[in-house]
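The values are calculated or read from the model by the stated rules, or taken from the named source; none is laboratory data. None of these values were measured; they are calculated from a predicted model. Cβ sites come from the backbone with ideal geometry, for glycine too, and all protein chains shown count toward neighbours. For the accessible areas, the whole protein counts, side chains as well, though only heavy atoms, and no ligand, DNA or RNA atoms are used. Shrake-Rupley method; radii C 1.70, N 1.55, O 1.52, S 1.80 Å.
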Amino acid sequence: MRFRHPDGSTVHLAYCTNVHPAETLDGVLAQLRDHCEPVRRRLCRDRLGIGLWLAEDAAHALVTDPAALRGLRCELERRGLEVVTLNGFPYRGFGTGEVKYRVYTPDWADPERLEHTAALARVLAGLLPDDVTDGSISTLPLAWRTVYDEQRAQTAHTALRTLAERLDALQELTGRSIRVALEPEPGCVVETTRDAIAPLTAIGHDRVGICVDTCHLATSFEDPHTALDNLTRAGVPVVKSQLSAALHAEQPHLPEVREALAGFAEPRFLHQTRTSTAAGLRGTDDLDEALTGDTLPDAAPWRAHFHVPLHAAPTAPLTSTLPVLKSVLTRLVGGPHPLTHHLEVETYTWQALPPGLRPRGRTQLADGIAAELTLARDLLTDLGLKELP
């Protein structure tokens, strides 16, 4: 979906396909047919943006076979879909079994991460619509914190500088400008936007910026205005933003709140949980850890890294951090000029919701994704952006 900002520039809105399991190119093509096109039809649009997730096998197939890349581009066009951004965070295995800590490997100190992201950039340059020259790729925020030391930090920074040089060369070759965005996430080396400033300044290249995920920002209790002000002052570009909402519990000490939260403690994904105390931010790596004993102080609200549907906050006594999303979005695109032109709804946890809230089949899932995009569209038009055909 495209929108005209009052300054005349185009803002792109997509939804991320990491909600649909697929490891191979055939699986990606099936996603377009079974999920993405039905969402577009529900929105009654001729064109729909998708934030494509390409696992390592699919990316390799596309970057080594020009015919396969042309075939994917033709299939996107045939189904009324377009791609200006990729989600390059998960490497493989995101849709099956237990993901948890595996999503953070390989990290930016491992050569595989550089090669995979460079491959994604070449693929994206070949998928961008004819009238679009700028693409974006979100990626993991360097590494999970417990496996990172100074030597690995230097290796990661070198890898990102190497990637930036390759992206410069790619633009010279193709005329397409691709940028990469570190996505701060609780528990990682770069957990907050504040944590991103030093490494991005050290890397020192405008090809590498930040992806502001509004669920992650809210989970870490960051103030949106302070976060974006600090990024602006530091000269860190907001390459893209993922529009998502975290799980919020106002009174986590109450038994009924604990019971409701337990329904969201599930075995596939990691749900880092945080609370803000007078002594600073406290947290656990997963929701079930927070619910065990007195691991996490419960005198103040808790927030969990669980991407809940934007249009359907959990019922009382829980809610979501949608107000944080609205505040971030106002700052990102509500001013005289957008701070970013790439927005992506990223609710990958539909099938991880408590059983009674999960969509039953493709039809309900498509309905839910369309409802999220409708909410995002309405927020954008309320900010003065005009929806384009």
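Assorted remarks:
- Taking the range 275-317 as the range and being over 15 Å from PRO186 (Cβ atoms) and among the small types (Gly, Ala, Ser) as the test, the residues that pass are ALA278, ALA279, GLY293, ALA299, ALA300, ALA312, ALA313, ALA316.
- Of the residues making up the range 89-105, at least one is within 25 Å of PHE306 (Cβ to Cβ), touching a residue at least 60 places away in the same chain (Cβ under 8 Å) and of a type in the set (Asp, Glu).
- Across the range 231-261, the number of residues qualifying as in contact with a strand residue (DSSP E or B) (Cβ under 7 Å, 6 or more places away or on another chain), open to solvent by 10 Å² or more (accessible area, probe 1.4 Å) and either within 19 Å of ASN18 (Cβ to Cβ) or not in a strand (DSSP E or B) (or both) comes to 3.
- Complete set of residues in the range 6-16 that are touching a Leu at 6+ places or on another chain (Cβ under 8 Å) and more than 19 Å from GLN242 (Cβ to Cβ): PRO6
- The residue of the range 78-112 that is farthest from the chain's Cα centre (by Cα), among those that are open to solvent by less than 10 Å² (accessible area, probe 1.4 Å) and among the polar types (S, T, N, Q), is THR85.
- Subset of the range 1-26 (residues that are of a type outside the set (A, V, I, L, M, F, W, C), within 14 Å of LEU76 (Cα to Cα) and in contact with a Gly (Cβ under 9 Å, 6 or more places away or on another chain)): THR17
- Subset of the range 41-65 (residues that are in contact (Cβ under 8 Å) with a residue 24 or more places away in the chain, over 23 Å from SER138 (Cα atoms) and assigned to a helix (DSSP H, G or I)): ARG42
- For HIS342: the one exception among (1) open to solvent by less than 10 Å² (accessible area, probe 1.4 Å); (2) under 14 Å from the mean Cα position of the chain (by Cα): (1)
- Flag for ALA58 being more than 20 Å from the chain's Cα centre (by Cα) and over 22 Å from HIS342 (Cα atoms): no
- Strands (runs of 3 or more DSSP E) wholly inside the range 286-389 containing at least 3 residues that are touching a helix residue (DSSP H, G or I) at 6+ places or on another chain (Cβ under 8 Å) and small (Gly, Ala, Ser): none
- When the residues of the range 203-230 are filtered to those that are polar (S, T, N, Q) and either in contact (Cβ under 8 Å) with a residue 60 or more places away in the chain or in a loop (DSSP other than H, G, I, E, B) (or both), the one that is farthest from ALA246 (Cα to Cα) is SER220.
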